[in-house]
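Here's the structure, in structure tokens; my notes come after.
Nothing in this text is a laboratory measurement; each read-out follows from the coordinates by a stated rule. These numbers come from a predicted model, not from an experiment. So basically every Cβ, Gly included, is an ideal-geometry build from the backbone, and we count neighbours across all protein chains shown.
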Amino acid sequence: MSEIRHLLKINTPASAVYQALTHQAGLQQWWTPETTAMPVVGSVNEFNFGPKYHNKMKVIRLEPDRAVEWECLEGDKEWIGTTFHFLLEEDDDGQSTLRFTHGNWREPTDFLAHCNYKWGYYMRSLKFYCETGKGTPFQPDA
């Protein structure tokens, strides 16, 4: 199985990053404004990226300020069954380390490479949102 991985430092406490990863208002600010989400294990979050991409993610695991895990139920055929892990650590200075993994890809395709690039963009957006209050989420007209 193949996977995408990113590691980033975010100059904010893990609690703020966790909120951005689990609450609809936060997800809308860094990933896509067309988000319907609840921070409840077993719930299904929906993420729309214009008319072309629609994803449904089941919330598998939530550990406040430490971990978030989703499984893709609907979306691009290469995403179905893949998992998304957001692991958080906070250091003594109140900064967070986020380890992101988009795993369980069946094979290393060109679409995986494309998604790796896009995840890098959205991880940067998450960092900016957590640090400044302004992310760069998906814009259908951009």
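Summary table below
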| item | result |
| --- | --- |
| Nearest-ten-degree value, helix 110-132 long axis tilted from longest Cα axis of the chain | 30 degrees |
| Cα convex hull volume per residue for segment 2-132 (Å³) | 91 Å³ |
| For segment 2-132: relative contact order, % (alpha-carbon pairs under 8 angstrom, 6 or more apart) | 31 percent |
| Efficiency of FRET between V44 and Y117 - r from beta-carbon atoms, R0 30 angstrom, step 0.05 | 0.65 |
